[in-house]
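The values are calculated or read from the model by the stated rules, or taken from the named source; none is laboratory data. Quick caveat: nothing in here was measured; it's all calculated off a predicted structure. Please note: Cβ atoms are built from the backbone with ideal geometry, for glycine as well, and neighbour counts cover all protein chains shown. To get the accessible areas, we keep the full protein, side chains included, count just its heavy atoms, and leave off ligands, DNA and RNA. Shrake-Rupley method; radii C 1.70, N 1.55, O 1.52, S 1.80 Å.
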Amino acid sequence: MSERGRANVKAAQALMMRVGLQAAAYVDGGTPTSSYYDQVLLAGQALGLDASGSQLSPYASMFRSYETAVTASELILTRERNKTNTSLYDTPMQYQGLWANGKFSDYAKQHFPINVTMNFWGMDGGAWPTQDLVDDYLVEDVDGSIKYWEDASYVATGKNVDEKMYFSNTKKRDQRFYATVLYDSCKYFNDQVRVFFRRDGNVSNANSKINEGSEQEYGYRAGNTENYNSSTGYAMLKYFYTHVVSLPSPGDQKMDYLYSVLRYGEAYLNMAEAYLMKGDFENAKKYMATTMIKHGGFKPDRVVSYLAPLTGNNWDNSLFEAFKRERNVEMVYENNDYYWSLLRWGMRSSGGVKNGEYANSGYVIPELQGALRGIRISRDGKSYSFFQDNNAVGEARFSPKRYLLPIRESFRLQSGVEQNPGWE
């Protein structure tokens with residue numbers, strides 16, 4: 001076994017799976033007969049992937065604590081930072097943390113007090129978890145069936161937003177949700193403080209749609225007047241270590257930190273995707289089910305029932321849409337996986353690149369087009385509504401030139417190759 005952090009044969013096989021899917025889409029247009037899909041399957045078999053998911057570790061252990069991350073058998077290749085030259089300031093927590101320095105409304109001070117210094121730079125603008133991501137986390141309903149959240153009975157029977165949207169009393173939602181997303185009324189900083197993203201809450205951005213119209217309604221500018229708090233009603237927890245406490249300066253907290261580069265969870269989904277694109281839906285479901293069971297916490301028989309009627313591998317087909325959701329919740333915040341996956345799937349619809357041009361057309365990817373979505377929760381936490389924000393930061397605008405990077409002009413002129421589409 002190689003030293004932790006060093007590449008080995010398993011890392012090479014996992015990387016081959018990742019690259020193979022991209023090549024199948026870009027070179028062969030994602031045709032079922034692409035030899036790259038076969039190479040993905042061979043690499044997956046060499047990794048020993050099977051339906052039991054024996055290589056998978058508890059999801060939260062890989063991202064919420066350094067001590068459990070370094071012992072997680074699922075991680076194939078990692079990158080680490082040592083506390084001798086690393087503080088909280090040098091980790092993603094510095095940029096996904098919340099900010100509260102007392103500049104919030106009297107109502108928030110009275111009803112949602114913060115008695116610790118939360119001195120992180122938060123994610124500004126459109127860089128918060130969106131409602132689209134939250135919607136992708138499935139639900140186990142009262143009868144045990146797996147459903148899209150808005151179809152679950154809790155939405156109608158819940159007494160407040162927590163019971164209608166997050167089901168946190170009995171953790172009915174996909175377990176990855178609770179390890180990834182910080183939502184209204186959660187405890188934060190090793191349970192030092194409870195944070196409220198709701199209207200006029202202690203970490204709701206006064207400049208966001210969450211508090212829009214507050215001056216007319218309450219007579220004052222509601223929420224937190226610092227512009228470093230959530231604009232969507234959520235913050236990120238994945239890669240945020242649970243034991244971390246809030247300090248006046250993030251640089252004061254020295255810490256070891258670990259990033260995942262390659263892991264078995266991705267490999268299982270790469271295996272599923274190769275089968276899906278080849279039209280072998282049963283094998284695609286088998287490998288897709290593994291992460292749903294081991295990481296999502298759903299019961300095996302319920303996963304089988306959920307996946308059984310699904311079919312198709314094109315946009316809007318039920319199985320493909322379910323796979324997209326599964327990939328999103330499994331891989332969020334890891335190596336921009338979902339972004340590159342969307343480009344890969346869009347390139348498949350574009351027919352690949354032939355002679356410097358798209359074989360069909362530059363397919364416009366729906367998920368990369370449109371307004372940022374968030375949740376506005378009432379001050380009493382009993383009702384909610386969703387909003388769209390069309391600001392310049394939050395709104396996604398897709399151009400087909402994003403499928404390919406521009407070729408450096410000096411190299412292009414020297415080699416004589418054509419510039420990539422859209423970058424002429």
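The length gained on full extension between Gln110 and Ala156, counted as 0.36 nm times the residue separation minus their Cα-Cα distance, comes to 13.5 nm.
Using only the Cα atoms of segment 264-303, build the gyration tensor, take square roots of its eigenvalues as a ≥ b ≥ c, and label the shape rounded, prolate or oblate: rounded if a/c is under 1.5, else prolate if a/b is larger than b/c, else oblate. Oblate, because a/c is 1.5 or more while a/b does not exceed b/c. Does anyone have the angle between helix 337-350 and the longest principal axis of the chain? Alpha-carbon axes, 0 to 90°, nearest 10? Its long axis makes an angle of about 50 degrees.
Estimated at 0.36 nm per residue, the fully extended path between Asp316 and Gln192 surpasses their Cα-Cα distance by 40.3 nm. Helix 35-46 and the longest principal axis of the C-alpha atoms of the chain enclose an angle of approximately 70°. Which residues among segment 296-328 fall inside the zone where the amide N is under 18 Å from a point 7 Å beyond the Cα of Ser361, along Cα→Cβ? Only 315-316 fall inside the zone, counting backbone N under 18 Å. Backbone amide hydrogens, once placed in the peptide plane, bring Met118 within less than 5 Å of Ala100, excluding anything fewer than 5 places away on its chain. Past 19 Å, Cα to Cα: identify those pairs from Lys164/Lys285; Lys164/Lys209; Lys147/Lys171; Lys238/Lys294; Lys171/Lys299; Lys278/Lys299, in the order given. Where the Cα-Cα span goes over 19 Å, the pairs concerned are Lys164/Lys285; Lys164/Lys209; Lys278/Lys299. Using Cα-Cα distances under 8 Å and only pairs 6 or more residues apart, what relative contact order does segment 1-70 have, in percent? Relative contact order, segment 1-70: 26 percent. In plain terms, the C-alpha convex hull of segment 126-178 casts an average shadow of 3.8 nm² when viewed from every direction.
The apolar share of the surface of the chain, taken as the fraction of accessible area on carbon and sulfur atoms (1.4 Å probe, ligands and nucleic acids excluded), comes to 50 percent. Here each label is just a point 7 Å from Cα along the line to Cβ, and for Arg221 and Ala12 those points are 5.9 nm apart.
With the gyration tensor restricted to C-alpha atoms of segment 148-289, the semi-axes of the equivalent ellipsoid amount to 34, 24, 15 Å, longest first.
If I build a Gaussian network model for the chain, linking alpha-carbon pairs within less than 10 angstrom, which residue out of Asp143, Asp389, Asp28 has the largest mean-square fluctuation? Result: Asp143 has the largest fluctuation of those listed. Here the contact order of segment 279-424, divided by its residue count and restricted to Cα pairs under 8 Å and six or more residues apart, works out to 13 percent. Label zone (Ala51, point 7 Å along Cα-to-C-beta; backbone nitrogen cut-off 16 Å) within segment 293-328: 293-294, 299-309. At a probe radius of 1.4 angstrom, the accessible area of the chain per residue rounds to 43 square angstrom. Compute the separation of the alpha-carbon centres of segment 151-166 and segment 298-333 and state it in Å as a whole number. Between the Cα centre of segment 151-166 and that of segment 298-333, the gap is 23 Å. Computing Rg and the Kirkwood Rh from the Cα coordinates of segment 274-363 gives a ratio, Rg/Rh, of 1.03.
Once the mean of 1/r is taken over each pair of separate Cα atoms and inverted, segment 273-424 shows a Kirkwood hydrodynamic radius of 18.4 Å. From most to least packed by mean Cβ count within 10 Å, the peptides 7-18, 241-252 give 7-18, 241-252.
Please give the direction-averaged projected area of the C-alpha convex hull for segment 1-126, in square nanometres with one decimal.
13.1 nm²
Measuring nothing but how far apart in sequence close Cα pairs (under 8 Å, 6+ apart) lie, relative to its length, the chain scores a relative contact order of 22 percent. Of Lys147, Lys324, the order by accessible heavy-atom surface (1.4 Å probe, DNA, RNA and ligands excluded), from most exposed downward, is Lys147, Lys324. Here segment 226-295 and segment 1-78 have alpha carbon centers that stand 14 Å from each other.
For the pair Asp38 and Glu67 in one chain, pulling the backbone fully straight at 0.36 nm per residue adds 6.7 nm over the alpha carbon distance. Helix 264-278 sits at what angle to the longest principal axis of the chain, using alpha carbons and giving 0 to 90 degrees rounded to 10? Compared with the principal axis, the helix lies near 50 degrees.
Karplus-derived 3J(HN,Hα) values for segment 159-175, using 6.51 cos²θ - 1.76 cosθ + 1.60 with θ = phi - 60°, are 7, 8, 5, 4, 6, 7, 10, 10, 6, 7, 4, 10, 6, 7, 7, 2, 4 Hz; glycine and proline are entered as x.
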